């Protein structure tokens with residue numbers, strides 16, 4: 001843990017010096033923010049002592065039983081991690097506040113964060129069981145966002161190519177697991193996954209949006225939830241929000 005903090009503090013110090021002497025760009029601020037998120041993610045992942053499994057080796061079909069219910073073993077694991085995040089919610093809010101102060105006010109529109117709800121976990125697992133693979137897919141391709149941070153910028157599109165170069169460097173250095181551009185109908189954004197690159201941690205997701213896409217992205221998100229939700233969700237998943 002001290003090693004991660006040392007590396008982060010050293011890199012952030014360099015970025016601050018560059019800001020003092022140069023016109024530092026959005027991608028530099030974003031790099032600094034992702035480094036901070038990654039240190040915090042590693043810290044919480046180290047502090048979490050609950051049961052976990054290999055997200056790459058475990059299949060969705062093994063998590064859901066024949067009655068389309070999450071098996072108790074996995075449900076307990078999900079519930080324990082969600083409760084762990086809830087218990088650390090003040091720290092997560094503080095992280096959000098710190099991130100807001102790392103960007104130029106002209107670049108950042110807003111930052112949101114959320115802990116994935118129990119019914120959302122259930123619905124996502126059900127959707128993957130209903131796809132052509134019938135749940136024969138790694139869990140890390142389904143549940144990759146137990147905690148999510150969404151950053152909305154005023155000029156993401158303008159700086160997209162430089163941001164993608166920065167993300168590629170962060171991927172090569174092992175800070176992030178993967179990133180990709182998602183253009184799906186009216187939705188447009190960049191998605192980034194953190195999982196420590198060992199598949200033995202609950203993954204987090206970062207989303208980067210452009211302000212000009214905010215309304216259409218929100219509408220597309222709500223439409224997707226409406227079209228894919230299940231009307232027969234067991235009540236137990238609504239008592240664990």
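When we screen 232, 219, 162 for residues that are surrounded by fewer than 17 Cβ atoms within 10 Å (Cβ to Cβ) and at pLDDT 95 or above, the only hit is 162. Annotation: of all residues in the range 142-159 being in contact with a strand residue (DSSP E or B) (Cβ under 8 Å, 6 or more places away or on another chain) and closer than 12 Å to residue 205 by Cβ, the one that is surrounded by the most Cβ atoms within 10 Å (Cβ to Cβ) is 151. The helices (runs of 4 or more DSSP H) found wholly in the range 65-159 and carrying at least 1 residues that are more than 30 Å from residue 28 (Cβ to Cβ) occupy 72-87, 118-130. Residue count for the range 190-202 under the criterion of being surrounded by 20 or more Cβ atoms within 10 Å (Cβ to Cβ), in contact with a strand residue (DSSP E or B) (Cβ under 7 Å, 6 or more places away or on another chain) and closer than 21 Å to residue 47 by Cα: the result is 1. Taking residue 130 as the residue in question, decide whether it is within 28 Å of residue 51 (Cα to Cα) and at pLDDT below 90. It is true that residue 130 is within 28 Å of residue 51 (Cα to Cα) and at pLDDT below 90.
Listed here are the residues, each with its yes/no results for (1) modelled with pLDDT of 95 or more; (2) touching a helix residue (DSSP H, G or I) at 6+ places or on another chain (Cβ under 9 Å).
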{"site": "10", "(1), (2)": "no, no"}
{"site": "14", "(1), (2)": "no, no"}
{"site": "18", "(1), (2)": "no, yes"}
{"site": "21", "(1), (2)": "no, no"}
{"site": "29", "(1), (2)": "yes, yes"}
{"site": "34", "(1), (2)": "yes, yes"}
{"site": "43", "(1), (2)": "yes, yes"}
{"site": "48", "(1), (2)": "yes, yes"}
{"site": "56", "(1), (2)": "no, yes"}
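Regarding the range 103-113, can at least one residue be identified that is without any contact (Cβ under 8 Å) to a residue 24 or more places away in the chain and more than 25 Å from residue 142 (Cβ to Cβ)? Working first, answer last.
Step one: list which residues in the range 103-113 are without any contact (Cβ under 8 Å) to a residue 24 or more places away in the chain, which gives 105.
From what is left, the residues that are more than 25 Å from residue 142 (Cβ to Cβ) are 105.
Within the range 103-113 (the criterion being without any contact (Cβ under 8 Å) to a residue 24 or more places away in the chain and more than 25 Å from residue 142 (Cβ to Cβ)), the answer is yes, since at least one residue qualifies.
Only one of the listed residues (36, 59, 71, 43) is touching a residue at least 12 places away in the same chain (Cβ under 8 Å) and either touching a strand residue (DSSP E or B) at 6+ places or on another chain (Cβ under 9 Å) or on the phi > 0 side of the Ramachandran plot (or both). That residue is 59.
The values are calculated or read from the model by the stated rules, or taken from the named source; none is laboratory data. Keep in mind it's a predicted model, so treat the numbers as computed, not measured. Here the Cβ is made from the backbone with ideal geometry for all residues, glycine too, and neighbour counts use every protein chain on show.
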